[in-house]
Amino acid sequence: MTPSRSDFPPSFVWGTATASYQIEGATTEDGRGASIWDTFARRPGAIADGSTGDVADDHYHRMAGDVALMADLGVEAYRFSIAWPRIQPLGNGEVNRAGIDFYRRLADELLEKGITPWATLYHWDLPQALEDAGGWLERDTAHRFADYAGLVASELGDVVSNWITLNEPWCSAFLGYASGEHAPGRQEGTHAARAAHHLLLGHALALPNIRSAAPEANVGITLNLYSVHAASDSEADRDAARRIDGLGNRLFLDPVLTGAYPDDVLDDLGEAAWFEQNATPDDLAAISAPIDFLGINYYSRHTVRAGTAETLPPGLASTNPGSEFVQFIETGALRTQMGWEIHPDGLVDVLAMATAKAPGLPLYITENGSAYPDVVSADGTVDDPERLDYLQRHLDACREALAAGVPLAGYFAWSLIDNFEWAWGYSRRFGLVHVDYDTQVRTPKSSALWLRDMLRAEVR
Ligand code: IFM
């Protein structure tokens with residue numbers, strides 16, 4: 001069923017999302033320090049097309065135009081991220097005034113256009129200086145993050161009321177410190193789980209700092225959750241699903257929402273002793289302190305069956321903790337250009353999963369979207385029927401979840417504009433708006449125009 005605005009409550013938040021390193025460019029301007037992505041992107045072979053975020057969408061210089069574009073599309077909320085190295089070039093100390101000024105100008109511009117700012121404090125661009133001191137494998141990084149979060153909230157709390165501490169800590173921990181596909185590109189095996197704890201601790205320590213600097217703040221965290229299915233009802237396949245659900249979902253959801261790490265996951269990882277000593281009851285109490293909402297990024301589902309080390313490509317077992325027990329299988333469902341299976345029902349599953357653990361907690365889909373190899377036609381338009389279908393089907397899933405009583409309060413499409421897709425560079429386009437990287441010309445795709453018309457249709 002094609003969704004329409006009247007299917008959603010009047011208070012439902014309609015937004016789009018981006019992240020600093022993926023769009024801003026200007027990586028050496030106005031006192032910005034180096035981030036781990038500046039370093040990692042220069043590592044030979046790290047980025048599929050050999051690119052970097054040095055220019056990206058040049059949003060740092062084109063910010064006002066991009067906000068006007070959002071206003072034209074009728075978007076009412078904008079989730080952006082703040083580049084920590086613009087605020088504290090070395091990850092500690094005084095704020096870099098030019099960095100704060102940029103985000104203040106952004107927030108002012110948004111507010112002037114009636115668009116509500118939603119700021120994410122950490123979307124993966126750790127100051128390189130902190131990585132040089134050990135990065136997220138060090139507990140101290142959590143303290144540095146909490147200081148930074150408090151500083152930013154005290155500087156911008158008058159213009160930003162919605163705050164997300166971390167984006168997808170699973171990716172920061174496991175892609176950054178286990179598989180090494182993301183910055184900082186380390187392969188520390190199961191120790192990546194320690195990075196996960198320090199990230200969550202950073203979230204925990206940031207919460208009171210944000211709340212004391214901006215008492216009215218609406219604060220949450222964004223997790224990437226997957227719908228996980230066993231390929232069969234066999235005990236071995238169900239165990240494979242338990243492992244993946246544990247590592248991808250419960251390792252993050254449980255401490256935040258219920259105050260305990262899942263024992264089975266720590267056992268799978270062989271990290272139980274480290275957590276016993278280092279993840280103290282005080283840490284867990286802080287990590288599970290009340291949040292105002294949970295952000296969920298949903299893209300796809302995993303269907304798995306039991307595997308063996310022999311079924312894995314060389315090297316994968318050592319870099320993906322526990323993966324030798326699992327095989328990801330092909331179900332025949334359509335996939336996006338990322339190779340991610342399209343499964344809108346999974347969005348309903350992950351919302352239900354969160355609600356079961358924290359009944360009544362407001363939930364937001366803070367990202368959902370798809371990559372396709374879009375092209376500009378001779379007449380200058382960009383037709384993206386697959387993305388439009390993906391968007392409509394996932395909005396329909398949101399409608400279904402709402403009808404089932406899930407407290408879903410908003411939806412942010414990933415992404416406003418095509419951008420630097422991490423290890424894929426510019427070879428994957430997630431935008432509702434096409435970007436010509438040679439000219440920086442922005443062209444709303446047909447999915448964006450549908451969203452605009454849907455949002456306009458019943459506003460007045
Ligand atoms: O581009 C990313 C984003 O930065 C985090 N969530 C997933 C998106 C698509 O891979």
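The residue that is nearest to Ile23 (Cα to Cα), among those in region 430-455 that are of a type in the set (A, V, I, L, M) and within 16 Å of the ligand (Cβ to nearest atom), is Val435. In region 59-76, the residue that is surrounded by the fewest Cβ atoms within 10 Å (Cβ to Cβ) out of those that are of a type outside the set (A, V, I, L, M) and within 21 Å of the chain's Cα centre (by Cα) is Glu76. The set of residues in region 414-429 that are in a loop (DSSP other than H, G, I, E, B) and closer than 18 Å to Thr16 by Cα comprises Ser415, Leu416, Asp418, Asn419, Phe420, Glu421, Arg428, Arg429. The condition (being farther than 22 Å from Gly25 by Cβ, touching a residue at least 12 places away in the same chain (Cβ under 8 Å) and in a helix (DSSP H, G or I)) is satisfied by just one residue among Leu151, Leu166: Leu151.
Can you confirm whether region 392-413 contains a residue that is within 16 Å of the ligand (Cβ to nearest atom) and assigned to a loop (DSSP other than H, G, I, E, B)? Within region 392-413, none of the residues are within 16 Å of the ligand (Cβ to nearest atom) and assigned to a loop (DSSP other than H, G, I, E, B).
Restricting attention to region 1-45 and to residues that are more than 16 Å from the ligand (Cβ to nearest atom) and in a strand (DSSP E or B), the residue that is farthest from Leu449 (Cα to Cα) turns out to be Val13.
Please determine whether any residue of region 127-140 is in a helix (DSSP H, G or I), under 28 Å from Val75 (Cβ atoms) and more than 16 Å from the ligand (Cβ to nearest atom). No, region 127-140 contains no residue that is in a helix (DSSP H, G or I), under 28 Å from Val75 (Cβ atoms) and more than 16 Å from the ligand (Cβ to nearest atom).
Ser427 satisfies every condition listed in (1) within 16 Å of the ligand (Cβ to nearest atom); (2) crowded, with 18+ Cβ neighbours inside 10 Å except (2).
Let's see how each residue does on (1) surrounded by fewer than 17 Cβ atoms within 10 Å (Cβ to Cβ); (2) closer than 30 Å to Thr443 by Cα:
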residue: Arg335; (1), (2): yes, yes
residue: Met338; (1), (2): yes, yes
residue: Glu341; (1), (2): no, yes
residue: Pro344; (1), (2): no, yes
residue: Leu347; (1), (2): no, yes
residue: Leu351; (1), (2): no, no
residue: Ala354; (1), (2): no, no
residue: Ile365; (1), (2): no, yes
residue: Ser370; (1), (2): no, yes
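For region 111-129, what are the residues that are within 25 Å of Gly53 (Cα to Cα) and under 21 Å from the mean Cα position of the chain (by Cα)? Result: Pro117, Trp118, Ala119, Thr120, Leu121, Tyr122, His123, Trp124, Asp125, Leu126, Pro127, Gln128.
All of the numbers you see were taken from the coordinates with simple rules; none came from a lab. These numbers were taken from a predicted model, which means no experiment stands behind them. FYI the Cβ positions are ideal-geometry reconstructions off the backbone, even for glycines, and counts take in every protein chain you see.
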